[in-house]
Amino acid sequence: MGIFQRLSTVIRSWVNALIGRAEDPQKMLEQLIMDMRTQLAKTKQDVAAAIADEKKLQAQVERERKQAEEWERRAMLAVQEGRDDLAKQALMRYNEHLQHAQSLHETWLKHKADTEVLKDQLRALNEKIEEAKRRKNILIARARRAEAQGRIQQTISSMSDKSAFEAFERMAEKIEDMERQALAAAELAGELTGDTLAKQFEALEYKGSADQQLLELKKKMGLLPAGEQGEPRQLSTGRGGEGVAEAELVDEEEERRER
């Protein structure tokens with residue numbers, strides 16, 4: 001089983017366990033990242049061990065080759081000394097070490113290829129974990145938004161009977177009624193404490209002012225007949241007016257006497 005298959009199996013078991021416990025999405029993602037990094041560390045150890053085995057096989061190949069070369073040198077020495085029997089034995093050892101070297105070399109080549117594949121997978125796994133770390137914050141934000149939307153929908157569903165909204169409207173109406181009562185009380189207090197006679201004259205003065213403004217407006221617009229273009233007559237002043245009339249009669253009587 002390859003690295004990715006083992007890691008995929010482990011992660012699926014973790015995800016199922018975390019989802020089964022219905023934990024917070026942020027905690028789940030952080031735990032997954034931690035578990036991935038832990039598994040990555042273990043995988044690095046496995047790859048490092050594979051690399052060490054590959055180096056060990058390579059060293060054994062070199063050692064067997066050196067042994068083969070050494071026995072070949074000894075065989076040559078025996079031939080020079082005229083010891084063919086020793087030369088044959090040395091050649092037999094030479095062949096043994098050479099065969100071992102060739103066998104180990106094939107094993108080393110295969111192990112080296114497997115180790116390169118493991119290193120490539122380890123690099124890819126590390127990149128995927130780094131990508132997961134970068135996506136973690138985005139996924140957490142999406143999970144929080146979905147959770148908030150769920151709470152809103154739940155709140156709206158729980159208020160389907162509109163009881164809370166109706167209570168709110170009743171309270172608003174009650175406050176408006178309180179405001180109207182306060183205004184009525186203030187108006188009533190003004191009526192009871194104010195000078196009613198002065199208020200009546202103020203109303204008359206305001207009306208006279210409005211009538212005067214209306215007359216001026218009609219004059220400006222040319223809507224008044226010719227007989228009404230003059231200034232409005234002044235009201236009589238009561239007994240003061242009678243005194244003026246009496247004075248005029250006295251003057252007329254004196255003029256008739258002088259004649």
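Once the Cβ-Cβ distance between GLU176 and ASN137 is put in as r, and R0 is 41 Å, what FRET efficiency do you end up with, to the nearest 0.05?
Result of the calculation: an efficiency of 0.25.
Need the full-extension length gain, GLN149 to LYS56, defined as separation in residues times 0.36 nm minus the C-alpha distance. One decimal, nm.
In short, 27.5 nm is gained.
Relative contact order for the stretch 3-156: what is it in percent, counting Cα pairs under 8 Å that are at least 6 residues apart?
For the stretch 3-156, the relative contact order is 32 percent.
Among 41-50, 28-37, how do they line up by average Cβ neighbours within 10 Å per residue, starting with the highest?
Peptide ranking by packing, descending: 28-37, 41-50.
Cβ under 15 Å from ALA68's Cβ, ALA68 left aside: what net charge do those residues give with Lys, Arg +1 and Asp, Glu -1?
Charge balance in the 15 Å sphere: 0.
Please go through the residue pairs LYS42/LYS66; LYS56/LYS128; LYS66/LYS119; LYS66/LYS110; LYS88/LYS110 and name each one whose alpha carbons sit more than 27 Å apart in this structure.
With Cα atoms farther than 27 Å apart: LYS42/LYS66; LYS56/LYS128; LYS66/LYS119; LYS88/LYS110.
State, to one decimal in nm, how far the label point of ALA184 lies from the label point of LEU217, with both points 7 Å from Cα in the Cβ direction.
3.4
All of the numbers you see were taken from the coordinates with simple rules; none came from a lab. Everything numeric here is computed off the predicted structure, so don't read it as measured data. For neighbour counting, all protein chains shown are included, and Cβ atoms are generated from backbone atoms with ideal geometry for every residue, glycine included.
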